[in-house]
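Engineer: Input: one structure, supplied below.
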């Protein structure tokens with residue numbers, strides 16, 4: 001059932017106070033924003049003089065120290081990290097060449113060498129041979145020549161200390177071995193340095209029945225300096 005409208009009744013008009021109140025607030029906020037923007041632009045122009053160009057905004061730290069307190073250490077100013085050294089400084093520099101030293105005073109050599117005959121040379125025992133060699137400064141010792149025979153004895157073959165001239169010496173051996181009985185055997189020619197004790201021992205040794213001066217070992221005070229082996233191949 002539909003209600004019949006009452007033509008004589010009017011609707012109550014809604015109050016307009018709320019809308020006007022909101023409009024007034026919006027107007028105040030807008031006006032305040034415009035004023036704030038204007039003041040900010042005016043300050044920027046005032047700071048920049050008559051120029052109307054846009055001034056870039058630079059971010060400045062808010063806690064900069066006073067000039068007297070500023071750290072002047074370049075490492076600290078750059079953020080506290082140690083800068084990498086140049087690569088050239090990291091390379092190892094070559095060591096300087098050693099300074100030349102004066103040559104020391106040469107020490108006289110004491111070496112004794114047999115130069116002839118050659119090692120393993122073949123010899124005629126009856127003809128004998130001539131032994132040659134070189135020698136340095138023997139420092140008070142003398143040179144003596146022995147032959148070590150297959151019978152295990154050292155036979156003195158010189159008639160006394162072998163003289164040296166300008167570092168060269170020679171000594172003659174009259175015969176080697178005992179006839180034909182030791183053909184094919186090796187004999188060892190032995191050059192020794194003899195000090196005073198060795199010399200006394202040699203002088204105190206008598207000759208055997210064959211006229212030889214022999215020892216079972218080199219006498220005390222004698223030092224073997226060089227040896228050469230020779231092969232006895234004949235006796236004629």
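Engineer: What is the Rg over Rh value, at two decimals, for segment 100-234, using alpha-carbon atoms and the Kirkwood definition of Rh?
Structural biologist: On the way: Rg = 16.2 Å, Rh = 15.7 Å.
For segment 100-234, the value is 1.03.
Engineer: For a footprinting-style exposure proxy, rank 157, 223, 30 by other Cβ within 10 Å, fewest first. Numbers along the way, then the final one.
Structural biologist: Numbers: 157 21, 223 14, 30 10.
Starting with the residue having the fewest Cβ neighbours, the order is 30, 223, 157.
Engineer: Also: Arranged by the count of other C-beta atoms within 10 angstrom, fewest first, what order do 134, 203 take?
Structural biologist: Ordered by Cβ neighbours within 10 Å, fewest first: 203, 134.
Engineer: Run the quick spin-label model on residue 159 and residue 213: label points 7 Å from Cα toward the beta carbon, then report their separation in nm to one decimal.
Structural biologist: About 1.3 nm, to one decimal.
Engineer: What percent of all Cα-Cα pairs in segment 133-176 falls into each 5 Å bin, going from 0 up to the bin containing the maximum distance?
Structural biologist: Computed distribution, short to long bins: 5, 20, 28, 21, 15, 8, 3, 0.
Engineer: Where in segment 171-211 is the amide nitrogen less than 15 Å from a point lying 7 Å along the Cα-to-Cβ axis of residue 227?
Structural biologist: Correct set: 186-193.
Only the coordinates and a few stated rules stand behind these numbers; no lab work does. All values reported here derive from a predicted model rather than from experimental measurement. Positions of Cβ are generated from backbone atoms using ideal geometry, with glycine treated the same way; all protein chains shown enter the neighbour counts.
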